[in-house]
């Protein structure tokens, strides 16, 4: 791997160009699929309205079949939306940001849902963190996705613990749940596109989260044990200029 101060080689640039072309073609294909899919969904909705007004047993059976098609169309729509988000080449709007403020924003949004599910939110946020550069909306989406994954793991109650702390070259954020945990095979695949353990899941949430974190120059890692829970750790750098200013 080349040094961060070294210009990319011709081979590296060709790989970047190839990735961008594949992403562009994949995005175009997804958009082309969405158009006829929208037409199918609209006509299924109209059919469902027609059959819903009938009392005949035959039409009721037809209505159930139409509703199955409607659900599958919605599932395809969600998959395409997630895929387009995953393939998008992100141009981040980086701003000096207090990491703890972003954590509080996500948890404030999630807290009513946690209360309803009987989940206890615990925070250990260091008050002495240096400022980091974040695209606040992109990072909000990435962190919220991790929190929602944790919620699903502790569906029957439990704790979600969030802690932040300074590192030698930046900041770190741990998100820990006391849920079901993962086996080694699952843990090795969770950042793979289209891999999902959830029924109907797209398998693109965590890969997209990793792309966002890495686009910030950071890393994300996971530790987990079946029956004991899971810990995701995000590490973000602090640019030298910001560190010097502080």
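The numbers here are math on the coordinates, done by the rules we state, and not lab data. Fair warning: this is a prediction, and the values are worked out from it, not measured in the lab. Neighbour counts run over all protein chains shown; Cβ positions are idealised from the backbone, glycine included.
Roughly what % of DSSP beta bridges within the range 68-179 run antiparallel, to the nearest 5?
Percent antiparallel among DSSP bridges in the range 68-179 is about 60.
Label-point separation (nm) for residue 169 and residue 121, each offset 7 Å from Cα along Cα-to-Cβ?
Label-label distance for residue 169 and residue 121, simple model: 3.2 nm.
Please give the FRET efficiency for residue 235 paired with residue 38, using the beta carbon to beta carbon distance and R0 = 41 Å, rounded to the nearest 0.05.
0.50
Taking the radius of gyration and the Kirkwood hydrodynamic radius from Cα positions alone, what is the Rg/Rh ratio for the range 60-163, to two decimal places?
Using Cα coordinates only, the ratio equals 1.12.
I need the calculated FRET efficiency for the pair residue 221 and residue 69, taking r as the beta carbon distance and R₀ as 51 Å, to the nearest 0.05.
The value I calculate is 0.80.
Calculate, in nm to one decimal, what residue 81 and residue 46 gain on full extension: separation in residues at 0.36 nm each, minus their alpha carbon distance.
10.3 nm
Taking neighbour Cβ counts within 10 Å as the exposure measure, how do 154, 69 sort from fewest upward?
69, 154
Based only on other Cβ atoms within 10 Å, what is the fewest-to-most ordering of 173, 63? Walk me through the numbers on the way to the answer.
Working: 173 24, 63 18.
Neighbour counts put them in this order, fewest first: 63, 173.
Quick one: what do you get for the range 95-245 if you divide its Cα Rg by 2.2 N^0.38 Å?
1.03
Figure the gain on full extension for residue 61 and residue 155 (residue separation times 0.36 nm, minus the Cα-Cα span) and round it to one decimal in nm.
Between residue 61 and residue 155, full extension yields an extra 30.4 nm.
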